[in-house]
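The values are calculated or read from the model by the stated rules, or taken from the named source; none is laboratory data. All figures in this text were calculated on a predicted structure; none of them were measured in a lab. Don't worry about glycine lacking a Cβ; one is built from the backbone with ideal geometry, like all the others, and counts go over all protein chains shown. These accessible areas exclude ligands, DNA and RNA; they are computed on the full protein's heavy atoms, side chains included. Shrake-Rupley method; radii C 1.70, N 1.55, O 1.52, S 1.80 Å.
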Amino acid sequence: MCSHQTVLLEEAVEALRIKADGVYVDGTFGRGGHSRAILARLGSSGKLIALDRDAMAIAAAMEIADPRLAAVHAQFGALREVIRRAGKAHVDGVLLDLGMSSPQLDAADRGFSFRFDGPLDMRMDTSRGQTAAQWLEQSSEREIREVIKRYGEERFAKQIARAIVAARSRGPVDRTRQLAEIVAKAVPAREPHQDPATRTFQAIRIHVNQELEELALMLPQCLEVLNGGGRLVVISFHSLEDRIVKQFMRTHSQPGALPARLPVRAHELPKPRLRLIGKPVFPSRAEIAANPRARSAVMRVAERIAA
């Protein structure tokens, strides 16, 4: 089992532009790489609120003996409520690293990876919700096909869904290697340097955890909780996540739309709520060489404009 290497560590923390007495949120604690770097820059009166829906991540956070850190077992869609319960009305920065942690991927019993044989679970929060195996057992061929196509952007989704349904008629599809083998046999062509099951595993994981819905729920809350000048920093790892983040930041960095031909003075125009900061940031060649899992990462940064 390998240790987790935090992607774009210095770049993300630098982008937050941390104030010594500020209040910050790490919306995805993972194994705490970003959180530790934020704490290192905070003064004694600063505060960091760290969220994660994975109980193992929260257990890791509890090992950090620092009174400035408040670790909360919650999905980041609960951001506004978590901040309120922490006794804060607003914060000075929010960081979201949407990637999987290495301990999650490398633990066979979590079911995220086909590199190890284990139960087909895939839940970020193992205390609630359907497992991937349960979802595959109960869903129609059409539902399976649509999820694999939409969230995995898999061109062979139809063949894969058909193969899964055929396999489950012979017995439960409830092991990671079992699903990977079903997919491999169903895919007529392979992409170089990528296992044929990669997109299918990604799609099912996203669906089981409602990852894109959580992201879409959380981003508007950032506008409500960020102080003027506060930064929103998001690291995405695939195009569907990045598309949501990019569109959100772009939309709120422009004046609001008005009905056509409505006479309005310039000072009455709806003001943008965000300012885009710099261009998208990608890992360096050196970081990718040291940590191949960083290769698909992209970081976007926006700043809250004071009302």
- Which of the peptides 187-199, 100-112, 19-31 is most tightly packed, and how do the rest follow, judged by the mean count of other Cβ atoms within 10 Å per residue? 19-31, 100-112, 187-199
- Message: I'd like to check one number: the per residue accessible area of the chain, probe 1.4 Å, reported in Å² as a whole number.
- Response: 50 Å²
- Item | Contact order relative to length of the chain, as percent, for alpha carbon pairs under 8 angstrom and 6 or more apart | 18 percent
- Message: Can you give the local net charge around Ala55? Use residues other than it whose beta-carbon is closer than 12 angstrom to its beta-carbon, Lys and Arg +1, Asp and Glu -1.
- Response: +1
- In degrees from 0 to 90, rounded to the nearest 10, what is the angle of the helix 239-252 Cα long axis to the longest principal axis of the chain? 20 degrees
- How much net charge surrounds Ala161 when only other residues with a Cβ under 15 Å from its Cβ are counted (Lys, Arg +1; Asp, Glu -1)? +4
- Query: Given R₀ = 51 Å, FRET efficiency for Phe116-Arg85 by Cβ-Cβ distance, to 0.05?
  - Reply: 0.85
- Message: Is there a quick way to get the dipole size of the chain? I mean about its Cα centre, with the Cβ of Lys and Arg at +1 and of Asp and Glu at -1; what is the value in debye to the nearest 20?
- Response: 880 debye
- Task: Identify all aspartates and glutamates with a Cα-Cα distance to Lys19 below 18 Å; exclude those on the same chain that are fewer than 8 residues away in sequence.
- Result: Glu10, Glu11, Asp66, Asp92, Glu303
- Message: Need the C-alpha centroid separation for the range 110-187 versus the range 1-77, integer Å.
- Response: 32 Å
- Please give the calculated 222 nm ellipticity per residue for the chain, where each DSSP H segment of at least 4 residues contributes -39500 (n - 2.57) and the sum is spread over every residue; nearest 500 deg cm²/dmol? -12000 deg cm²/dmol
- Query: Once the dipole of the chain is set up with Lys and Arg at +1 and Asp and Glu at -1 on Cβ about the Cα centre, which of Ile38, Leu217, Ala20 lies farthest towards its positive end?
  - Reply: Leu217
- Quick one: with all protein chains in place, what share of the accessible area of the chain is carbon or sulfur, to the nearest percent (1.4 Å probe)? 52 percent
